[in-house]
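The values are calculated or read from the model by the stated rules, or taken from the named source; none is laboratory data. Keep in mind that what you see is a predicted model, and the values were worked out from it rather than measured. Please note: Cβ atoms are built from the backbone with ideal geometry, for glycine as well, and neighbour counts cover all protein chains shown. Protein only, heavy atoms only, side chains kept; ligands, DNA and RNA dropped before computing areas. Shrake-Rupley method; radii C 1.70, N 1.55, O 1.52, S 1.80 Å.
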Amino acid sequence: MVTDDAGGSGGGGEGAEALDAAFFARWMTAMAQAVDREADRLTELDSAIGDADHGGNMRRGFDAVREELGEDLPATPGAVLMTAGRKLVSTVGGASGPLYGTLLRRTGKALGDARSVGREELAGALRTGVEAVMQLGGAAAGDKTMLDALLPAVEALTGDGGKDFGAARAAAEQGAEATVPLQARKGRASYLGERSIGHQDPGATSSALLLAALAEADGGSEAGSDSGSESEGGE
């Protein structure tokens with residue numbers, strides 16, 4: 001059982017080396033809570049350069065993930081993320097469901113069947129998940145997509161062996177904010193051409209929440225509590 005306050009039980013958290021299924025469930029629960037708090041902002045950002053449904057879609061998907069993990073917590077970290085990814089694919093519309101689903105499923109698959117994993121293993125697995133997102137969407141850094149938050153976060157995480165989830169959070173948030181002056185080259189926002197400039201990408205913004213939720217599960221501050229809620233953004 002996973003509690004609503006992202007507490008969970010078992011190993012992980014506060015800089016622990018071994019991260020078990022309960023830790024990964026806390027991560028997903030913290031993400032669900034962050035998306036719930038930030039859903040209106042995500043929708044506002046998506047209204048400017050997208051179809052104004054990112055906040056609602058993400059809230060529906062991660063609420064379903066939280067409910068699924070609360071009813072039946074898988075035994076391994078990999079299974080937690082693969083369960084979450086499958087749930088997102090089945091509940092989130094538009095491009096976000098397949099992209100987030102791929103990210104979590106491929107990260108979970110890379111973690112394998114171990115009962116607990118190390119921080120460096122998580123960093124490497126997350127890189128695998130992000131590379132799968134790049135393959136699926138055909139996007140790259142600077143295209144004004146979720147990758148502009150995920151790629152710098154993975155670089156920060158793998159650069160120090162997964163020791164500092166807070167650094168990955170900061171890198172993701174800076175990456176999301178850096179999408180403001182970019183012209184979108186992928187997704188619905190790209191249809192706007194130069195009119196997409198001046199808005200923060202909503203997909204990058206929700207991806208930054210995912211990294212903030214990881215840091216929160218590790219004992220950091222609440223995800224979304226200081227993630228630049230005054231800035232704008234597209235999916």
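Screening Gly56 with (1) under 30 Å from Ile197 (Cα atoms); (2) open to solvent by less than 10 Å² (accessible area, probe 1.4 Å) gives one miss only, at (2). Figure legend. Inter-residue proximity from region 117-135: first residues more than 18 Å from Ala215 (Cβ to Cβ), second residues part of a helix (DSSP H, G or I) and of a type outside the set (A, V, I, L, M), beta-carbon distance below 6 Å, spacing 6+ or different chains. Indicated pairs: Thr128/Arg106; Ala132/Thr102; Ala132/Arg106; Val133/Thr102.
Scan region 66-101 for residues that are within 13 Å of the chain's Cα centre (by Cα) and open to solvent by less than 20 Å² (accessible area, probe 1.4 Å) and the total you get is 8.
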